[in-house]
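Scroll down for the structure; my scribbles are underneath it.
The values are calculated or read from the model by the stated rules, or taken from the named source; none is laboratory data. All of these numbers come straight from a predicted model, not from anything done at the bench. All Cβ positions, glycine included, derive from the backbone under ideal geometry; neighbour counts span all protein chains shown. The accessibility values were calculated without ligands, DNA or RNA, using every heavy atom of the protein model including side chains. Shrake-Rupley method; radii C 1.70, N 1.55, O 1.52, S 1.80 Å.
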Amino acid sequence: MSHPYHHLFEPGTGSTAPPLLLLHGTGGNEHDLLRLGRTLSPGSALLSPRGDVSEGGALRFFARLAEGVFDPAEVSRRTLALADWLAAAAKRYHLDPARLTAVGFSNGANIAATLLQLRPQSLGAAVLLRPMVVLDQPAAPGSLAGKRVLLLNGNVDPIVPLDHPPRLAALLRAGGAEVTQQLLPASHGFTPADVAAAQDWLTRR
Ligand code: MLT
């Protein structure tokens, strides 16, 4: 594989459940979202890479200059490296990228969004828990046609400014994505209401 990510893969048990790509938040690892993935979509294959950038020991998927301050070149480079690895992993594990559904939290949600913006063919759908605008760049027209994205944010999140979810929704809609945006009574951590909203959205596919 191009750029190896340490990862976990659990094969699916049902042929109809979409494979999930689990992307953890800052300071997490490849184990963090396994239970969430199993809860959201029993039977799905789970592919869960570990972020390969260390911020004082806390693992992430791209470096940042400060909290909420990003270097577009760094974000693009890391996003494309993850996309290249994903393409190879999809072949290795016989996953259809058009059905691959990202479930990302915080920094993991952010790299799922930049994957959609920069390499839209990597994913078929995405559940983004607490995403923000990292790359202020609209998706290319038509590049996200037929793809569904759920944005779940908290109304008292100290990390994600309130104008970011609608701005991110607009950047993804520019590519033709069908975006559902929900603001929940929550902070940055996800809650049972997020799990319920994601389950509901996934079953409506
Ligand atoms: C990021 O850096 O991706 C966001 O600030 C989310 C976080 O990791 O705290």
- request: Out of Pro166, Pro158, report the one residue that is over 19 Å from Gly124 (Cα atoms), away from the ligand (no atom under 16 Å from the Cβ) and touching a residue at least 12 places away in the same chain (Cβ under 8 Å).
  value: Pro166
- prompt: Is it fair to say Thr79 is within 16 Å of the ligand (Cβ to nearest atom), among the hydroxyl-bearing types (Ser, Thr, Tyr), under 28 Å from Ala196 (Cβ atoms) and free of Cβ contacts under 8 Å to residues at least 60 places away in the same chain?
  reply: no
message: Please verify whether Leu135 is closer than 25 Å to Glu74 by Cα, in contact with a strand residue (DSSP E or B) (Cβ under 6 Å, 6 or more places away or on another chain), of a type in the set (A, V, I, L, M, F, W, C) and outside any helix (DSSP H, G or I), treating the condition exactly as stated.
response: no
query: Given the structure, is Leu172 away from the ligand (no atom under 16 Å from the Cβ), assigned to a helix (DSSP H, G or I) and under 18 Å from Ser48 (Cβ atoms)?
result: no
- request: Scan the range 97-121 for residues that are surrounded by 24 or more Cβ atoms within 10 Å (Cβ to Cβ) and free of Cβ contacts under 8 Å to residues at least 60 places away in the same chain and jot them down.
  value: Asn110, Ala113, Thr114, Leu115, Gln117
field: Scan of the range 43-76 for residues that are open to solvent by less than 60 Å² (accessible area, probe 1.4 Å), aliphatic (A, V, I, L, M) and more than 11 Å from the ligand (Cβ to nearest atom), ordered by number
entry: Ala45, Leu46, Leu47
- prompt: Checking Thr13 against (1) of a type in the set (Val, Ile, Thr); (2) out of contact with any helix residue (DSSP H, G or I) (no Cβ under 8 Å at 6 or more places or on another chain); (3) within 11 Å of the ligand (Cβ to nearest atom), which test does it fail?
  reply: (3)
query: Across the range 182-202, which residue is least open to solvent (accessible area, probe 1.4 Å) among those that are without any contact (Cβ under 8 Å) to a residue 60 or more places away in the chain and part of a helix (DSSP H, G or I)?
result: Ala197
Test: residue in the range 162-169 that is surrounded by fewer than 24 Cβ atoms within 10 Å (Cβ to Cβ) and under 24 Å from Leu47 (Cα atoms): no
- prompt: How many of the residues in the range 133-150 are closer than 25 Å to Asn29 by Cβ and either away from the ligand (no atom under 16 Å from the Cβ) or open to solvent by 10 Å² or more (accessible area, probe 1.4 Å) (or both)?
  reply: 3
statement: Given (1) out of contact with any Phe, Trp or Tyr (no Cβ under 7 Å at 6 or more places or on another chain); (2) over 24 Å from Val134 (Cα atoms), Leu22 misses just (2)
message: For the range 113-132, which positions are away from the ligand (no atom under 11 Å from the Cβ) and not polar (S, T, N, Q)?
response: Leu115, Leu116, Leu118, Arg119, Pro120, Leu123, Gly124, Ala125, Ala126, Val127, Leu128
message: Let me confirm something: among Val133, Val160, Val156, which residue is more than 17 Å from the chain's Cα centre (by Cα) and among the β-branched types (Val, Ile, Thr)?
response: Val156
